[in-house]
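This report concerns only the one structure given below.
The values are calculated or read from the model by the stated rules, or taken from the named source; none is laboratory data. Bear in mind that the values here come from a model prediction, so they are computed numbers and not experimental data. Using ideal geometry, Cβ is built from the backbone for each residue, glycine included, and neighbour counts are taken over all protein chains shown. SASA here: full protein model, heavy atoms, side chains in, ligands and nucleic acids out. Shrake-Rupley method; radii C 1.70, N 1.55, O 1.52, S 1.80 Å.
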Amino acid sequence: MLSSISLRHMRAFAAIADHGSFTAAATVLGLSTSALTSTIRQFEDVTGAALFDRTTRQVTLTETGERFLPVARRLLGDFEEALGDLDALSKGIGGKIRIAAAPSVLTRILPGVIRGFIAAHPDARLRLDELNAKDVHEAVANNEADFGIAGEWQDLPDINFSPLFSDRFGVLCRPDHPFAQESEIAWSELADQPFVGLGPESGTRAMMAGQGIWAASGGAGDAHRKSNHTVDISPSVTRAAALGVGAAQKALRTADELDRAMDQIARVGKAKSRGAASKSAKASRMAGMSGMSVNAATDPAALLRPVVETSNTITLAAMVAEGVGITVLPELAARIATGAGDLAGAGKLAFVPLCQPTRHRQIGVITRQSKSLSPIARIFLAMVMEQAPKLDLPAAIEWG
């Protein structure tokens, strides 16, 4: 039966092929020549194929043996690699780590950490996959990655999200655009601008558009209300905030901040409408916010209507550089996209933070609750948490 074939047969076959002699192969394997001959004879009897042509002077592979040799070597190599991984994992010094992450994390956060990690753990191997937030979460959930580093996406069974850092959303535009001269831009000012943006699969798009912890539930009992403006917060966020979860408490604070901003905008709008119609276009657009629907007020990104959508931030930067439109990105993603596309030099693009409300992208570590990380993966993740905040990054980052 073919099931009786084992690694012992594979090793014997490969050794004879490598040395061209039963005697030499037997010496290398620590066997007697008769034992090795018996092993190969059994191999050939079970498979029904001759693997070697034998003469008194030499041993050569048959055509069947030549075709099978690469397969045998691959199987032996995979087995030896698996054993090495198992030994390394048990000692916590090696093994393979599969990481799925957002582009900005892979290009600016991980390389500096990986350099030191590989130096300290030369037996470790890393697989890095660049994915959008949706695919990062799904890769971890499907056990295709040991852990991920990306933005929040949506609740998936068995998935845990631990905040790592956040950066502020802003406008990316050409230096000759009027926005480039501002220190901050209000979301309301984007309403009449040609816009290019990321597709719905992007975690950046989800956070910008009010998804994740920003999602409105429509439940009156869970709404934060001030003046005539309503910001809806999901019941799960309210419960999490009561339990002291930092991200949820931050969401509630931001909701209050948005309420205050809306009140201020409404007051400005009324003042401008009484006799300041000739003021700047910026003041007029802010005044227009007082007549917005509840949906637009609670979700400023709802004002944006992309003329082009893409899944790639470098493509977005190229569209902006060509004058197709402006875009909105977190600062780190914007800086990296312009740098990677050679669009940051010579003042080719400008990044201006957004306000009213100020909104941040939260990047975190994504793991499975039911599966422990391997020892080497824990070591690497600990190095990320320790060393990443010390990196020299091209953007203002808030860690934790």
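Once you charge only the Cβ atoms, +1 for Lys and Arg and -1 for Asp and Glu, what is the size of the charge dipole of region 47-165 about its Cα centre, to the nearest 20 debye?
With Lys and Arg at +1 and Asp and Glu at -1, about 560 debye.
So how much accessible area does Thr313 have, in Å² to the nearest 10, using a 1.4 Å probe?
30 Å²
Could you put Trp153, Trp187, Trp399 in order of accessible surface area, largest first, with the 1.4 Å probe and the full protein assembly present?
Of Trp153, Trp187, Trp399, the descending order of accessible area is Trp399, Trp153, Trp187.
Hull surface divided by four, with the convex hull built on the Cα atoms of region 24-144: how many nm²?
12.4 nm²
Under 5 Å between amide hydrogens, which residues at least 5 positions from Ile149 or on another chain qualify, with H placed 1.01 Å from N in the peptide plane?
Counting only residues 5 or more places away or on other chains, the set is Ala100, Ala101, Ala102, Ile366.
What residues have an amide H closer than 5 Å to that of Ile159, excluding those fewer than 5 places away on the same chain, when H is modeled at 1.01 Å from N in the peptide plane?
For Ile159, whose amide H was placed from the backbone, the distant partners under 5 Å are Gln369.
Assuming R0 = 45 Å, what is the FRET efficiency of Thr315 and Ala82, from their Cβ-Cβ distance, to the nearest 0.05?
0.65
Find the relative contact order for region 20-133 and round it to a whole percent, using C-alpha pairs within less than 8 Å whose residues are 6+ positions apart.
The normalised contact order for region 20-133 reaches 19 percent.
Ordered by residue, what ³J(HN,Hα) values in Hz, to whole numbers, does region 179-190 give under the Karplus form 6.51 cos²θ - 1.76 cosθ + 1.60, where θ = phi - 60° and Gly and Pro are x?
After applying 6.51 cos²θ - 1.76 cosθ + 1.60, I find 4, 5, 8, 8, 8, 8, 10, 7, 3, 4, 6, 7 Hz.
Using a cut-off of under 11 Å, list every residue of region 61-87 whose amide N is near the label point 7 Å from the Cα of Val46 along the Cα-to-beta-carbon line.
none
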